[in-house]
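The values are calculated or read from the model by the stated rules, or taken from the named source; none is laboratory data. Quick caveat: nothing in here was measured; it's all calculated off a predicted structure. Cβ placement follows ideal geometry from the backbone for every residue including glycine, while neighbour counts extend to all protein chains displayed.
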Amino acid sequence: MKAQGRKTNGQFGHGNPGKPKGSKNKVTSEQKERIEKVLAMLDETLDDDLLKMKSKERVDLWAALQEYIRPKLQRTQVEVESTEEQVTKITFEVINSSTPPLAPPQEGRGKTK
């Protein structure tokens with residue numbers, strides 16, 4: 001067995017403590033810097049890009065981002081029987097936002113008046 005290097009089982013040999021705790025991988029650091037640069041560039045146009053999105057795209061994005069800030073709940077199946085046809089309208093309103101509100105959807109399921 002050598003004084004430095006690795007043993008045949010892959011462990012570090014005597015006198016070789018390995019990589020110091022907390023040290024960063026060079027490749028990982030470079031990739032992180034590149035990603036941060038791209039995010040900074042995208043951040044400049046984000047508000048305009050969001051305003052250009054269609055309503056469905058905004059809702060899809062909102063739903064996708066929820067999993068990063070809210071815990072996922074276990075799915076449950078609920079069976080509801082009703083003799084009347086019910087229509088439910090759900091409206092989302094942004095309060096205390098630094099960006100201007102998005103234009104409200106037009107009535108008539110996408111048809112313009």
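Scan the stretch 24-31 and give yes if some residue there is in a helix (DSSP H, G or I), hydroxyl-bearing (Ser, Thr, Tyr) and within 27 Å of GLU93 (Cβ to Cβ), otherwise no.
No.
For the stretch 34-41, indicate whether the set of residues that are on the phi > 0 side of the Ramachandran plot and surrounded by 10 or more Cβ atoms within 10 Å (Cβ to Cβ) is non-empty.
No - not one qualifying residue is present in the stretch 34-41.
Going by the conditions given, is LEU51 of a type outside the set (D, E, K, R), modelled with pLDDT of 90 or more and within 15 Å of the chain's Cα centre (by Cα)?
The answer is no for LEU51.
Does the stretch 61-71 contain any residue that is surrounded by 10 or more Cβ atoms within 10 Å (Cβ to Cβ), acidic (Asp, Glu) and free of Cβ contacts under 8 Å to residues at least 24 places away in the same chain?
no
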